[in-house]
Amino acid sequence: MRRVMVIGGPGAGKTTFARRLGELTGLPVTSLDRIYWLPDWTPRPAREGDRLAREAAAGEAWIIEGNYSATFPERLKRVDTIVFLDFGTTMRLRRVVMRTLRHFGRVRPDMAEGCPERFDWGFLKWTANYRNNGRARAERMLATLPKHIRVVRLATPRDVRRFLDGCRDDMSSTEAAAATRGEVS
């Protein structure tokens with residue numbers, strides 16, 4: 001696992017998951033929200049945002065979290081693992097509302113500078129309709145992937161914990177093997 005895309009609906013926990021996976025694997029994490037938004041919730045010009053996303057995907061190893069399907073093709077050329085956080089609508093809506101309340105008026109650590117958390121009814125509507133729109137687009141993309149790309153679908157917080165625990169165990173085993181071979185001091 002060297003190049004990982006983390007996708008899923010709003011409120012699925014993509015940023016938190018990517019950060020935790022990055023901590024476990026040592027892979028650098030890029031949040032597409034930080035790339036695509038400028039202060040005051042101004043969208044970055046599409047060409048510039050797409051260029052920055054392509055640059056992130058050109059790296060040797062990475063975790064890129066976020067959907068932004070316009071750059072799926074560039075990321076898919078290099079990805080080896082896609083983690084799809086496929087949580088239900090009720091849970092995601094609850095998480096979005098709680099996140100908004102928790103950070104209201106302040107910039108979340110994972111968000112672009114100058115974009116304070118706010119209630120955005122359009123975003124809540126998008127969140128509620130994700131399963132009919134964004135999820136359908138993600139499913140179409142996943143259905144066309146080459147076989148060498150590993151797809152991990154996590155549908156519950158318990159699935160997420162198990163996956164991350166497995167990564168932690170894998171990393172511990174790898175470190176122990178390297179120490180046995182004298183590669184780690």
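Miscellaneous remarks
- Contact order normalised by residue count of the chain, Cα under 8 Å, 6+ apart, percent: 30 percent
- Rounded to the nearest 500, the helix-only mean residue ellipticity at 222 nm of the chain stands at -15500 deg cm²/dmol, with each DSSP H run of n ≥ 4 adding -39,500 (n - 2.57).
- For the range 48-130, the Stokes-Einstein estimate of translational diffusion at 37 °C and a viscosity of 0.692 mPa s comes to 220 µm²/s, using the Kirkwood hydrodynamic radius over alpha-carbon pairs.
- With the Kirkwood sum run over all distinct C-alpha pairs, the chain has a hydrodynamic radius of 17.5 Å.
- Cα-Cα P(r), the range 48-90, percent of pairs per 10 Å interval: 24, 54, 17, 4
- Kirkwood-based Rg to Rh ratio, the range 1-81, C-alpha trace: 0.95
- As a rough guide to protection, the peptides 86-94, 159-167 ranked by mean Cβ packing within 10 Å, highest first, stand as 86-94, 159-167.
- Take each peptide in 100-112, 16-28, count the other Cβ atoms within 10 Å of every residue, and average; sorted highest first, the result is 16-28, 100-112.
Bear in mind that the values in this text are calculations on the coordinates, not laboratory data. The structure presented is a predicted model; accordingly, all values stated were derived computationally and were not measured. When we count neighbours, we look across all protein chains shown, and the Cβ atoms used for this are built from the backbone with ideal geometry, even at glycine.
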